[in-house]
1. Among 137/220; 158/220; 126/158; 158/207; 49/207, which pairs are too far apart, with a Cα-Cα distance over 22 Å?
2. May I ask you to order 295-306, 207-218, 177-188 by the average number of other C-beta atoms within 10 Å around their residues, highest value first?
3. Name the residue, out of 81, 260, 45, whose mean-square fluctuation peaks in a Gaussian network model built on the chain with Cα pairs under 10 Å.
4. Report the FRET efficiency, 1/(1 + (r/R0)^6), for residue 191 and residue 96, where r is their Cβ-Cβ distance and R0 is 35 Å, rounded to 0.05.
5. Given springs between every Cα pair under 10 Å in a Gaussian network model of the chain, which of 259, 65, 47 has the largest fluctuation?
6. Identify which of the listed values of log10 I(q)/I(0) by the Debye sum over Cα atoms at q = 0.08 Å⁻¹ was calculated from the structure shown: (i) -0.68; (ii) -0.42; (iii) -0.37.
7. Quick one: if you stick a label point 7 Å off each Cα along the C-beta vector at residue 143 and residue 33, how many nm between them?
8. Run the simple label-point estimate for residue 118 and residue 54 please: 7 Å along Cα→C-beta, distance reported in nm.
Amino acid sequence: MHEVIFIMLFMQYYRMAKDSNASLIDRIRNGNNNNAIVVPGVYDALSAKIAEHLGFEAVFQSGYSVSASMLGLPDYGLLNANEVIEQARRIARAISIPLIVDIDTGYGNALTVRRVVRELEDAGAKGVFLEDQVWPKRCGHMQGKQVIARDEYIQKLKAALDARRSSEFIVVARTDALEPLGLDEAIDRANEYARVGADLVFIEAPKSIDEMARICREVKAPTVANMIEGGRTPLLSIDELERLGYRLILFPLTAVFASAYAVMDALSLLKARRDTRSIMHRLLTFNEFNKLVGLDELKMLEKKYSS
């Protein structure tokens, strides 16, 4: 476990030493030397700090992960705008890498979308995902999805684009039209959303590698891949997704799945054995955890202001 902490700290310094002249959106637009941007899903400040320490260059506030961790409920249209904005504010304060936020359908009409984007940018977020599902929405890998009319979504998308103050704030247009209306309609929507001005487009839940390849061929904008372990889309490696042509690759639920598994594993052993000494090698130590959450920095500040 000590080696893990060393690697985490090393990667943090490595990330800070990297060339910072090219913004995230510039690297996406210019192809990033044919390397996709890999973005893990996070759900709170701690998971985001871990992702940053490990060298990821951006994080994604996953709607499902936040719904599960904050409410103990599935991604079923149950989060509201204030909950999403406040969680983004906490996460953005804890990290120095870009945070991209899942804002579902925008929680209302175009005016609501405008307000949500403004508040998220003020909170420190660097981008949003906005989808065209009917509200209340559901996880993109669940059945029974419906989408709103193109024109209605386009007004929301325009509102999001107009609301951003920085040209480096990313707006990703997501369509869930594949399941209810077919791949042709999903690709048509994606291209229209790109013409309106979306920085990236995201066709959710293709069911085969052939569909994924066709999306990358026919969509005339940078595309997003969404890798959910056990979901409807084939689970491919980053190298395979790069070869298909994806520019941004999300792993939105990996962290929350891993966290849930680890907690269930540790607590089940505690309940069965009435002891945690046998699982110490599977836990961070007290000192390691303190380093992770920045106790050393706070001690330095405490010393500075008390001298």
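Any read-out appearing in this document is the output of simple, stated calculations on the displayed coordinates, not a laboratory observation. Note that the structure is a prediction, hence the values are computed from the model and not measured. As a convention, Cβ positions derive from the backbone with ideal geometry for all residues, glycine included, and neighbour counts pool all protein chains shown.
1. In this structure, 137/220; 158/207; 49/207 lie more than 22 Å apart at Cα.
2. Packing order, densest peptide first, comes out as 177-188, 207-218, 295-306.
3. Fluctuation is largest for 260.
4. It comes out at approximately 0.50.
5. Between 259, 65, 47, it is 259 that shows the largest mean-square fluctuation.
6. The value computed from this structure is option (iii).
7. My value for the distance between the label points is 4.6 nm.
8. 3.7
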